Amino acid sequence: MSERYLDDQMLIARVQQGDRNALNALIRKHETRAYQYAFRLTRNSEEAADVVAEAFVRVYNALPNFKGQSAFTTWLYRILTNCFLDIRKRERVRPATSLEATFQTDDGELERQVEDPGRTPHEEAERTERERSVETAVSLLPEYQRAMIVLYHAEMMSYEDIAEALDLPIGTVKSRLNRARLSLRDLLLQDEELFHL
């Protein structure tokens, strides 16, 4: 058993005994990775923050009943995924648009970009276009396929961890991940010259 797993078990036991400082420590320990995962799912900083906030409220409410049958992180990813899916269901009723996606300059509207001095402008433009195409393609996938791609490829979770986090059989995880990859490939074929497919 890893030291990280044991640390989580110790903090959870203290939380279950009413120690609020242990709850704060548990949240601080996992909030960065939780936000990174939520951001990869949502591609929106405010929405990712909402997903994480709701997930930690659910963790707080459910922690007294946590039995430790899985790692805390696996349980947390499952809660984060469920929060993301629940928020998406609510958004279908009232869609929102970020006001910070672009900003206005004297020369017109610009999208915020991070400059990388190690690449030429052409390489940077090509890389940015590829990333945008992949992000757009991933965002067009159904939520469950998007979660599979993000959990496996961005979060580097194993099939077993994904199966446990989403409460699915491993065979279902593999088949859904394969379908998600095929769907992603079909979407990316539209930009064939960017990916040299």
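The values are calculated or read from the model by the stated rules, or taken from the named source; none is laboratory data. The shown structure was predicted, so the numbers you read here are calculated from the model rather than taken from an experiment. Cβ placement follows ideal geometry from the backbone for every residue including glycine, while neighbour counts extend to all protein chains displayed. For the accessible areas, the whole protein counts, side chains as well, though only heavy atoms, and no ligand, DNA or RNA atoms are used. Shrake-Rupley method; radii C 1.70, N 1.55, O 1.52, S 1.80 Å.
Scanning the stretch 147-171 for residues that are within 20 Å of L85 (Cα to Cα) and small (G, A, S), which turns out most open to solvent (accessible area, probe 1.4 Å)?
A154
Go through the stretch 15-29 and count every residue that is outside any loop (DSSP other than H, G, I, E, B) and either surrounded by fewer than 20 Cβ atoms within 10 Å (Cβ to Cβ) or of a type in the set (G, A, S) (or both).
As a first pass, look at the stretch 15-29 and keep what is outside any loop (DSSP other than H, G, I, E, B): 15-16, 20-29.
Applying the additional criterion that residues be either surrounded by fewer than 20 Cβ atoms within 10 Å (Cβ to Cβ) or of a type in the set (G, A, S) (or both) yields 16, 20-25, 27-29.
Residues flagged as outside any loop (DSSP other than H, G, I, E, B) and either surrounded by fewer than 20 Cβ atoms within 10 Å (Cβ to Cβ) or of a type in the set (G, A, S) (or both) within the stretch 15-29 amount to 10.
Across the stretch 35-88, which residue is least open to solvent (accessible area, probe 1.4 Å) among those that are more than 25 Å from Q16 (Cβ to Cβ) and not in a helix (DSSP H, G or I)?
Taking the candidates together, the pick is N44.
Just to be sure, is T32 among the polar types (S, T, N, Q), open to solvent by 30 Å² or more (accessible area, probe 1.4 Å) and at pLDDT below 90?
On the way: among the polar types (S, T, N, Q): yes; open to solvent by 30 Å² or more (accessible area, probe 1.4 Å): yes; at pLDDT below 90: no.
It is false that T32 is among the polar types (S, T, N, Q), open to solvent by 30 Å² or more (accessible area, probe 1.4 Å) and at pLDDT below 90.
Can you spot a residue in the stretch 6-14 that is under 25 Å from L85 (Cβ atoms) and surrounded by fewer than 16 Cβ atoms within 10 Å (Cβ to Cβ)? Steps first, please.
Of the residues in the stretch 6-14, the ones under 25 Å from L85 (Cβ atoms) are 8, 12.
The next check asks that each one be surrounded by fewer than 16 Cβ atoms within 10 Å (Cβ to Cβ); those that pass are none.
No, because not a single residue in the stretch 6-14 is under 25 Å from L85 (Cβ atoms) and surrounded by fewer than 16 Cβ atoms within 10 Å (Cβ to Cβ).
Here is a yes/no grid of residues against (1) modelled with pLDDT under 85; (2) exposed (fewer than 13 other Cβ atoms within 10 Å of the Cβ); (3) within 25 Å of V59 (Cα to Cα):
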{"site": "E131", "(1), (2), (3)": "yes, yes, no"}
{"site": "P142", "(1), (2), (3)": "no, yes, no"}
{"site": "Q145", "(1), (2), (3)": "no, no, yes"}
{"site": "V173", "(1), (2), (3)": "no, no, yes"}
{"site": "L184", "(1), (2), (3)": "no, no, no"}
